[in-house]
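The values are calculated or read from the model by the stated rules, or taken from the named source; none is laboratory data. Treat the numbers as computed from the prediction; the structure is a model and nothing was measured. Because the Cβ atoms are built from the backbone with ideal geometry, glycine has one as well, and the counts that use them run over all protein chains shown. When the accessible area is computed, the model is the full protein with side chains, heavy atoms only, and any ligands, DNA or RNA have been set aside. Shrake-Rupley method; radii C 1.70, N 1.55, O 1.52, S 1.80 Å.
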Amino acid sequence: MTPRKIIIAGNWKMNLNVQQSSLLLQHLQEHIKIQRLVEVVLAPSLLALQPLSLQLDRRRFRLAAQNAFYKDEGAYTGEVSFAMLRELVHYVIVGHSERRFYFHETPEVVRDKVAAAVRNGITPILCIGETKREHEAHETKQVLHDQLTTAISNLTSEEIESIVIAYEPVWAISSGRDFAHHEVARPDEVARAARFIRHDIAELYGQIAADKVRVIYGGSSNAENAYAYLSTEGIDGLLPGGASLQYMEFAGMVSAAERVQQAKIKELSKTNGRTT
Ligand code: PGA
C-alpha cells in the first residue's frame, strides 16, 4: 500500500495580471525542484492559463482553472467551458465559498460543474465547508454531508475515487473584507471534517472510494502551519490562497509536504514489514 499523493494547490484568485503571473511562476520555478512525492498545482486567472502553460516546467507543476461553465458550448456570453480548458488544465476548483457567496452558485450548479469537469477529463477540486454561523451551531457534519452528496451525485464510485475534496471552513478563509475576522481551524477540527467526508463517501459509494479519494484542507494555510495540517489524520494536501501568491511561502509549503510524505512512507514501510 502506498500513501495517497499529497497535493499543494495554489489558488491565486483574482490577483496578478499576465505579466505578474509569469513573474511569480518564474520565481516558483527557481525555488521548487522536481517533486517525486508531491503534486504541485497552480491556479492562476483564466487569462494567464495559456501563457503559463507555455512557460511552466510540466515535470514540476500542473495547472488548475479557478472556474468554468458546465455547458460545453453555446450562447452563454462571457463564459468559458470545461471543454475549452481540457487541453490546458489537469484540475479545476469547483464550489469555492467565494463563488457560492458572490456569484450565487447553488449546490445544483456545483453538481453540474463537477460532472462537466469529469466528463471533460478534468479533475475537480471540490470545495465544501461550513460558515461561521453553521460552525457555531454545530451544523458542520450536516452541511458537509449536504454539500458533498449533492455535488457528487452524478458521479460513479470510480469517478469519485479520483476527485479531490477540499474542506474549506468559510470562517477560516482569509478572503478579505467581506470575510474579515477569520479564525484559524485547529488540526483536530480539520481531522474531524475529513472523517465526516470519508464516512459519507464510504456509506454511499463504498470503502474503496473513501480510501482512495484525496481530502485536502484550505483556510489560512501557510509555510508555518503546513506541516501540522499535512500531518493531520486523513488530510492529503492544502489549498492555500494568500500564501500561494508569495513564492517563499508556497515553496515552504511544498517542502513541508515532501517531509510529511517521506515520514508517511517510512511509517508505512515499517507497518508493511510488521504485517509480512
Ligand atoms: P486563504 O484562502 O489561504 O487565503 O485563506 C484559502 C482559499 O480560499 O482556498
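Centre-to-centre separation between the Cα atoms of region 1-72 and those of region 125-149: 27 Å. Taking other residues whose beta carbon is less than 15 angstrom from the beta carbon of G206, and scoring Lys, Arg as +1 and Asp, Glu as -1, yields -4.
If the segment from R133 to L37 were pulled out straight at 0.36 nm per residue, it would be longer than the present Cα-Cα gap by 30.8 nm. Residues whose amide H falls under 5 Å from that of I216, counting only those 5 or more places apart or on a different chain, are I165, A166, Y167, D236, with hydrogens built in the peptide plane. For the chain, lysine pairs separated by 8 or more sequence positions, or belonging to different chains, with Cα-Cα distances below 26 Å total 23.
For region 6-275, with all protein chains in place and a probe radius of 1.4 Å, 52% of the accessible heavy-atom surface sits on carbon or sulfur. Taking Y205, Y91, Y76 as the candidate residues, the one with maximal mean-square fluctuation in a Gaussian network model of the chain, Cα springs under 10 Å, is Y76.
Debye-formula intensities of the chain, expressed as log10 I(q)/I(0) at q = 0.08, 0.16, 0.17 Å⁻¹, are -0.30, -1.32, -1.50 (one equal scatterer per alpha-carbon, no solvent). Backbone N atoms of region 107-141 closer than 20 Å to the 7 Å Cα→Cβ label point of K71 belong to residues 107-121. Taken over the alpha carbons of region 96-204 as equal point scatterers, the Debye sum produces base-10 log I(q)/I(0) values at 0.10, 0.15 Å⁻¹ of -0.28, -0.64.
From the square roots a ≥ b ≥ c of the eigenvalues of the alpha-carbon gyration tensor of region 162-265, which class results: rounded (a/c under 1.5), prolate (a/b over b/c), or oblate? Verdict is oblate for region 162-265.
Ordered from largest to smallest accessible area (heavy atoms of protein chains, 1.4 Å probe), the residues R186, R198, R133 come out as R133, R186, R198. With a simple spin-label model that places each label point 7 Å from the Cα along the Cα-to-Cβ direction, the separation between T106 and A202 comes to 3.4 nm. How would you classify region 51-137 from its alpha-carbon gyration tensor, with a ≥ b ≥ c the square roots of the eigenvalues: rounded for a/c under 1.5, else prolate if a/b is greater than b/c, otherwise oblate? It comes out oblate by the Cα gyration axes. Rolling a 1.4 Å probe over the heavy atoms of the protein chains gives region 155-276 an accessible area of 47 Å² per residue.
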